[in-house]
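Structure first, commentary second.
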Amino acid sequence: MLRLKPSGMCEVVVPASPEAVWGVLTDVGRVGEWSNEARAGEWIDEHRGVGARFRGPNKRGLARWTKTCTVREYDAPRRFVYHTAPGRTDPGATAWEFDLAVVEGGTMVRQSFRILEGPRWAEIVISLLIPAHKDRSAELRADLERLGRVAAADQARVRSS
C-alpha cells in the first residue's frame with residue numbers, strides 16, 4: 001500500500017548557538033543552503049512573526065511545486081512553527097515545527113511535521129513521484145545537520161570579524 005507517514009520527528013545536536021541556528025532557519029531566503037528539497041524562499045509580508053507568510057519553490061526529482069506558508073509560532077530563538085497551505089500542484093497542507101534548546105556541544109534542533117490535510121489521490125501521486133516521502137527521517141536528519149553546519153559557519157565568521 002502506498003502510504004505516506006502522517007507525521008515524523010528528528011533531533012540533531014549542532015555545533016552552533018540557538019541564535020545562530022535561528023538566524024539561518026528564519027531567513028527563508030537561505031533555505032536552499034540546507035534543505036534537501038526547498039530551493040529558495042521569500043517573505044510575502046513585511047513583518048516577521050505570527051501571521052507572517054512566506055513562499056518558496058521545491059524540487060524533488062522530476063516533481064516541482066511551490067508552497068505558501070503561514071507562521072503559527074515565532075518565539076526567538078526557541079520555536080518556529082509554520083503551516084503550508086494547499087496549492088494547485090500540491091493540494092496537501094502540513095504543519096512544520098522547529099524547537100531549539102541549548103545543550104552541551106551546541107543546540108539541540110528538533111524538527112517535526114504533521115500532515116494536516118490532503119486528498120488520497122495526492123498521496124498516491126506523491127508516493128509514486130517522490131518515494132522518499134514515505135519515510136523522510138533520514139532526509140530530515142541530514143537537513144538539520146546541514147542547517148547546523150551553515151549556522152556554525154556563520155557564527156565562526158561573526159567571531160572572526
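We did not get these values from a lab; they are worked out from the coordinates using the rules stated. Since the structure is predicted, the reported quantities are computational estimates derived from the model, not experimental observations. Neighbour counts run over all protein chains shown; Cβ positions are idealised from the backbone, glycine included.
Pick out which of Val150, Val103, Val13 has the largest mean-square fluctuation in a Gaussian network model of the chain, springs linking Cα atoms closer than 10 Å. Of the options given, Val103 has the highest mean-square fluctuation. Angle of helix 120-129 to the longest C-alpha principal axis of the chain, folded into 0 to 90 degrees and rounded to 10: 70°. Database remark: amide H of Ala52 closer than 5 angstrom to the amide H of Val71 (H placed geometrically; neighbours at sequence offset of 5 or more, or on other chains; Pro and chain starts carry no H). Taking each pair of different alpha-carbon atoms in segment 35-93 once, compute 1/r for the pair, average those values, and report the inverse of that mean as the Kirkwood hydrodynamic radius in Å to one decimal. Computed over Cα pairs of segment 35-93, the Kirkwood hydrodynamic radius comes out at 12.1 Å. May I ask you to list the residues of segment 8-23 whose amide nitrogen lies under 20 Å from a point 7 Å from Cα along the Cα→beta-carbon direction of Arg114? Only 8-12 pass the distance filter. Taking only the C-alpha atoms of segment 1-70, the Rg (one decimal) and the largest Cα-Cα distance, Dmax (whole number), read 14.3, 44 Å.
Quick one: length gained pulling Ser137 to Ala101 fully straight, 0.36 nm per residue minus the C-alpha distance? Present the calculation step by step, with values, prior to reporting the outcome.
Numbers: separation 36, 0.36 × 36 = 12.96 nm, distance 2.02 nm.
Taking Ser137 through Ala101 to full extension adds about 10.9 nm, to one decimal.
The Cα trace of the chain gives Rg and Dmax of 15.7, 55 Å, the first to one decimal, the second as a whole number. Our summary gives the chain a relative contact order of 31 percent, counting only alpha carbon pairs under 8 angstrom and 6 or more residues apart.
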